[in-house]
Amino acid sequence: MNNKKTIDIEFDRQHIWHPYTSMIDPLPVYPAKRTFENKIELESGEILIDGMASWWSAVHGYGHPEIITAIKNQADTMSHVMFGGLTHQPAVELCKLLIELTPAPLNRVFLADGGSVSVEVSIKMAIQYWLSKGKRNKTQIMTAKKGYHGDTFAAMSVCDPVNSMHAMYQGFLPEQVFVDAPSSKFEGTQCQEELNQLEAAFATHHENVAAFIIEPIVQNAGGMNFYHPDYLKALRKLCDKYEVLLILDEIATGFGRTGKMFACEHADISPDIMCVGKALTGGNMTLAATLATEDVALGISQGEAKVLMHGPTFMGNPLACAAAVASLTLLKRKECDANIKRVSKALEALKHCENLRAVKAVRVLGAIGVVEVDRVVDVAKIQKFFIQKGVWIRPFGKLIYIMPAYISSDKDILTLADAIYAAIAGDHF
Ligand SMILES: *Cc1c(COP(=O)(O)O)cnc(C)c1O
């Protein structure tokens with residue numbers, strides 16, 4: 001074990017890219033030594049309460065003994081084997097669980113190595129489906145502005161055009177059809193005019209559109225907007241009426257985060273294709289999946305290619321599948337649901353921030369808490385302050401948000417909320 005060796009932070013600074021990072025003037029990174037429960041221990045010895053669950057993924061906290069045991073046992077038998085021509089117990093067990101947990105008509109599963117890949121696969125499925133039906137013009141994807149679906153090119157093409165700098169890639173990025181971001185608030189009333197405009201866009205573009213893709217209920221990286229379930233209900237109807245497939249990207253919202261197992265349950269609808277990822281392995285390793293209905297799956301297989309044209313090297317990696325089986329088994333327990341409700345209640349502590357002048361809005365849904373401030377946050381500055389307060393929170397843009405592990409104690413959530421309050425009140429951003 002080289003736990004005692006200190007991390008070469010200078011090498012990191014000079015040679016390693018971090019997410020969205022400059023090689024000339026990188027933001028500081030903190031050396032992490034160990035994670036456990038809902039805590040991150042830094043090399044310097046500080047133990048931080050984690051508000052981020054490593055980007056929505058570590059829902060059961062770090063190093064959950066049941067997941068770690070599953071990974072260890074799997075590593076002892078078979079950490080990987082190719083999925084072409086072979087199958088294995090962890091993959092079969094996982095896909096059974098996924099079909100059981102997701103809305104009923106989804107019953108065909110494609111295992112992908114990460115969220116962006118699962119989005120690529122969903123788009124490929126939609127295009128191949130319509131090709132099979134002889135509809136060669138349906139090659140575009142429709143989506144709402146302010147969305148986020150990943151960083152590979154097809155996924156990027158359906159992200160918000162401004163946030164993901166589409167102009168920079170002009171001529172390379174496929175051109176998609178954008179409608180306005182859903183604007184009616186989750187707890188408000190659905191604006192009818194917005195739905196009329198949505199229908200007008202379907203009427204204009206449907207002949208060229210294979211699918212509509214959207215993050216249900218919460219547009220996360222695009223602004224942490226919680227929108228009205230009626231928008232999704234209308235979308236489902238319009239997709240059926242205009243022969244457009246509905247792809248729901250549940251990569252961030254899935255597995256209990258919004259207070260339902262999947263966010264689409266708030267609207268009582270189901271998609272033709274669904275992407276899941278992030279929390280799938282409980283944040284232990286990368287794995288995602290694209291689920292489809294029988295109609296979509298059979299449609300694709302009746303087409304010219306006969307097969308879905310995708311098959312990554314590490315498809316169905318047994319270690320990741322074993323972790324996911326353990327994670328989903330935990331998620332199915334009543335305690336997990338009770339924890340999500342408890343965390344949601346504890347997050348209401350963020351509402352105190354509404355008294356602060358710099359705060360524009362506070363929103364809580366399920367185990368997600370968001371404080372929107374009046375200016376872009378200085379990440380380096382606020383993070384330094386948060387670390388002094390013993391918490392790990394990483395804001396983006398004007399959003400200071402937390403989505404803690406479901407096992408986080410009320411006391412820890414209060415500490416997170418207090419740190420956010422203090423950062424804003426003391427102008428540490
Ligand atoms: C994170 C995310 C993705 C991309 O997943 P990666 O695993 O980072 O490739 C796609 N869609 C949504 C909604 C996400 O939150």
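The values are calculated or read from the model by the stated rules, or taken from the named source; none is laboratory data. Treat the numbers as computed from the prediction; the structure is a model and nothing was measured. Don't worry about glycine lacking a Cβ; one is built from the backbone with ideal geometry, like all the others, and counts go over all protein chains shown. SASA here: full protein model, heavy atoms, side chains in, ligands and nucleic acids out. Shrake-Rupley method; radii C 1.70, N 1.55, O 1.52, S 1.80 Å.
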Sparse-neighbourhood loop hits (trypsin sites (Lys or Arg not before Pro), region 63-151; DSSP loop; Cβ within 10 Å at most 11 others) -> 136
Where region 270-374 is the region considered: accessible area per residue in Å², 1.4 Å probe
41
Cα centroid distance between region 182-220 and region 305-319, in Å?
32
What does the charge count around residue 32 come to, taking other residues whose C-beta lies under 13 Å from its C-beta (Lys +1, Arg +1, Asp -1, Glu -1)?
-1
Please list, by residue number, everything in region 268-307 whose backbone N is under 14 Å from a paramagnetic label point 7 Å out along Cα→Cβ of residue 315.
288-291, 301, 306-307
Run the numbers for residue 381 and residue 24: contour at 0.36 nm per residue of separation, minus the present Cα-Cα distance, in nm.
126.7 nm
Just reorder 264, 191 by solvent-accessible area, largest first, 1.4 Å probe, all chains present.
191, 264
Once you charge only the Cβ atoms, +1 for Lys and Arg and -1 for Asp and Glu, what is the size of the charge dipole of region 12-81 about its Cα centre, to the nearest 20 debye?
100
Residue 418 accessible area, 1.4 Å probe, all protein chains in place, Å² to nearest 10:
90
Which GluC sites (Glu not before Pro) from region 296-382 combine a DSSP loop assignment with at most 14 other Cβ atoms within 10 Å?
304
Per-pair calculated FRET efficiency, R0 = 22 Å: residue 89 and residue 68 via Cβ, rounded to 0.05
0.75
Length added when fully stretched, residue 99-residue 295, from 0.36 nm per residue minus Cα-Cα
69.1 nm
Which entries in the list 145/233; 146/398; 185/332; 278/384 go over 22 Å, if you measure between the two C-alpha atoms of each?
185/332; 278/384
Calculated over region 318-396: convex hull of Cα atoms, volume per residue (Å³):
138
At R0 = 56 Å the Cβ-Cβ FRET efficiency linking residue 268 and residue 427, nearest 0.05, sits at 0.80
Of the accessible area of the chain, with the probe set at 1.4 angstrom, what percent is carbon plus sulfur?
54
I want the local charge near residue 372. Using Cβ-Cβ distances under 9 Å, sum +1 for each Lys or Arg and -1 for each Asp or Glu among the other residues.
+2
Once you list every other residue whose beta carbon is under 11 Å from the beta carbon of residue 147, what net charge do they have if Lys and Arg are +1 and Asp and Glu are -1?
-1
Just to confirm the filter: which chymotrypsin sites (Phe, Trp or Tyr not before Pro) across region 51-104 are DSSP coil and have at most 14 other Cβ within 10 angstrom of their Cβ?
none
